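This report refers to the structure that appears directly beneath it.
The values are calculated or read from the model by the stated rules, or taken from the named source; none is laboratory data. Just so it is clear, the model here is predicted, and its values are computed rather than measured. Here the Cβ is made from the backbone with ideal geometry for all residues, glycine too, and neighbour counts use every protein chain on show.
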Amino acid sequence: MTRTELQKRTKKFHIEVIQFCADLPRTPVGFEIAKQLIRSAGSVGANYRAAGGAKSTADFINKIQIIIEEADESLYWLEIILESKLKVSDAAILLIKEANELTAIFTASNKTVKASHKK
(Lines give C-alpha, C1' and ligand atoms only; values in the text may rest on other atoms or scores of the structure.)
Protein backbone atom coordinates (compact mmCIF):
# COMPACT_ATOMS: atom_id res chain seq x y z
CA MET A 1 0.00 0.00 0.00
CA THR A 2 1.43 3.38 -0.97
CA ARG A 3 1.68 6.34 1.36
CA THR A 4 -1.06 8.16 -0.57
CA GLU A 5 -3.37 5.15 -0.39
CA LEU A 6 -2.79 4.87 3.36
CA GLN A 7 -3.46 8.60 3.81
CA LYS A 8 -6.76 8.17 1.97
CA ARG A 9 -7.60 5.10 4.02
CA THR A 10 -6.95 6.81 7.37
CA LYS A 11 -8.99 9.85 6.27
CA LYS A 12 -11.82 7.57 5.12
CA PHE A 13 -11.74 5.85 8.52
CA HIS A 14 -12.15 9.21 10.27
CA ILE A 15 -15.03 10.26 8.00
CA GLU A 16 -16.81 6.94 8.49
CA VAL A 17 -16.41 7.28 12.27
CA ILE A 18 -17.92 10.78 12.12
CA GLN A 19 -20.89 9.49 10.12
CA PHE A 20 -21.29 6.53 12.48
CA CYS A 21 -21.23 8.79 15.55
CA ALA A 22 -23.87 11.09 14.07
CA ASP A 23 -26.40 8.33 14.76
CA LEU A 24 -25.39 7.62 18.35
CA PRO A 25 -28.01 8.40 20.98
CA ARG A 26 -28.25 12.07 21.91
CA THR A 27 -27.53 11.41 25.55
CA PRO A 28 -24.61 12.42 27.79
CA VAL A 29 -23.11 8.94 27.27
CA GLY A 30 -23.61 9.06 23.51
CA PHE A 31 -22.05 12.53 23.26
CA GLU A 32 -19.04 11.63 25.42
CA ILE A 33 -18.25 8.39 23.63
CA ALA A 34 -18.75 10.02 20.22
CA LYS A 35 -16.35 12.81 21.19
CA GLN A 36 -13.68 10.36 22.35
CA LEU A 37 -14.06 8.12 19.28
CA ILE A 38 -14.03 11.00 16.79
CA ARG A 39 -10.88 12.44 18.38
CA SER A 40 -8.98 9.16 18.41
CA ALA A 41 -10.01 8.25 14.85
CA GLY A 42 -9.04 11.71 13.63
CA SER A 43 -5.70 11.45 15.33
CA VAL A 44 -4.87 8.34 13.30
CA GLY A 45 -5.06 10.21 10.00
CA ALA A 46 -3.64 13.48 11.29
CA ASN A 47 -0.61 11.80 12.82
CA TYR A 48 -0.01 9.69 9.72
CA ARG A 49 -0.01 12.86 7.66
CA ALA A 50 2.39 14.45 10.17
CA ALA A 51 4.67 11.39 9.99
CA GLY A 52 5.35 12.30 6.36
CA GLY A 53 7.11 15.43 7.59
CA ALA A 54 9.04 13.74 10.38
CA LYS A 55 12.35 15.45 11.11
CA SER A 56 14.20 12.21 11.82
CA THR A 57 13.72 8.47 11.99
CA ALA A 58 13.17 8.76 15.74
CA ASP A 59 10.46 11.38 15.14
CA PHE A 60 8.84 9.13 12.53
CA ILE A 61 8.87 6.17 14.94
CA ASN A 62 7.31 8.34 17.64
CA LYS A 63 4.51 9.43 15.33
CA ILE A 64 3.86 5.84 14.23
CA GLN A 65 3.63 4.77 17.88
CA ILE A 66 1.07 7.53 18.50
CA ILE A 67 -0.93 6.28 15.51
CA ILE A 68 -0.91 2.75 16.94
CA GLU A 69 -2.16 4.04 20.30
CA GLU A 70 -4.92 6.11 18.69
CA ALA A 71 -6.06 3.30 16.39
CA ASP A 72 -6.21 0.98 19.39
CA GLU A 73 -8.14 3.62 21.36
CA SER A 74 -10.60 3.91 18.48
CA LEU A 75 -10.99 0.15 18.60
CA TYR A 76 -11.68 0.35 22.34
CA TRP A 77 -14.47 2.93 21.95
CA LEU A 78 -16.03 0.97 19.09
CA GLU A 79 -16.02 -2.18 21.21
CA ILE A 80 -17.64 -0.26 24.09
CA ILE A 81 -20.37 1.01 21.76
CA LEU A 82 -21.07 -2.48 20.47
CA GLU A 83 -20.78 -4.37 23.76
CA SER A 84 -22.87 -1.83 25.70
CA LYS A 85 -25.45 -2.01 22.90
CA LEU A 86 -25.32 1.77 22.56
CA LYS A 87 -25.49 1.11 18.82
CA VAL A 88 -25.45 -2.34 17.30
CA SER A 89 -24.92 -2.24 13.55
CA ASP A 90 -22.96 -3.67 10.67
CA ALA A 91 -21.16 -0.31 10.49
CA ALA A 92 -19.78 -0.84 14.00
CA ILE A 93 -18.45 -4.25 13.02
CA LEU A 94 -16.85 -2.88 9.85
CA LEU A 95 -15.24 -0.01 11.77
CA ILE A 96 -13.87 -2.46 14.34
CA LYS A 97 -12.38 -4.50 11.50
CA GLU A 98 -10.81 -1.38 9.99
CA ALA A 99 -9.41 -0.21 13.35
CA ASN A 100 -7.86 -3.66 13.82
CA GLU A 101 -6.35 -3.59 10.34
CA LEU A 102 -4.95 -0.09 10.77
CA THR A 103 -3.42 -1.08 14.10
CA ALA A 104 -1.82 -4.11 12.44
CA ILE A 105 -0.51 -2.09 9.48
CA PHE A 106 1.11 0.54 11.68
CA THR A 107 2.47 -2.03 14.13
CA ALA A 108 4.17 -3.83 11.25
CA SER A 109 5.48 -0.52 9.90
CA ASN A 110 6.82 0.37 13.33
CA LYS A 111 8.67 -2.95 13.61
CA THR A 112 10.14 -2.56 10.13
CA VAL A 113 11.37 0.98 10.74
CA LYS A 114 12.83 0.09 14.13
CA ALA A 115 14.65 -2.92 12.66
CA SER A 116 16.13 -0.93 9.78
CA HIS A 117 17.02 1.96 12.13
CA LYS A 118 19.13 -0.37 14.30
CA LYS A 119 21.29 -1.43 11.32
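Some values worked out for this structure:
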| quantity | calculated |
| --- | --- |
| Subset of the stretch 5-43 that is of a type in the set (Gly, Ala, Ser) and part of a helix (DSSP H, G or I) - its residue that is farthest from Asp72 (Cα to Cα) | Gly30 |
| Given (1) under 28 Å from Ala115 (Cβ atoms); (2) touching a residue at least 24 places away in the same chain (Cβ under 8 Å), index of the condition Gly42 fails | (1) |
| When residues of the stretch 44-70 are limited to those that are outside any helix (DSSP H, G or I) and small (Gly, Ala, Ser), the one nearest to the chain's Cα centre (by Cα) | Gly52 |
| Qualifying residue in the stretch 84-95 (condition: within 12 Å of the chain's Cα centre (by Cα) and either assigned to a helix (DSSP H, G or I) or without any contact (Cβ under 8 Å) to a residue 24 or more places away in the chain (or both)) | yes |
| Enumeration of residues in the stretch 45-82 that are within 18 Å of Cys21 (Cβ to Cβ), crowded, with 21+ Cβ neighbours inside 10 Å and in contact (Cβ under 8 Å) with a residue 40 or more places away in the chain | Ser74, Trp77, Leu78, Ile81 |
| Single residue of Thr10, Thr103, Thr57 found to be within 27 Å of Val113 (Cα to Cα) and modelled with pLDDT under 95 | Thr57 |
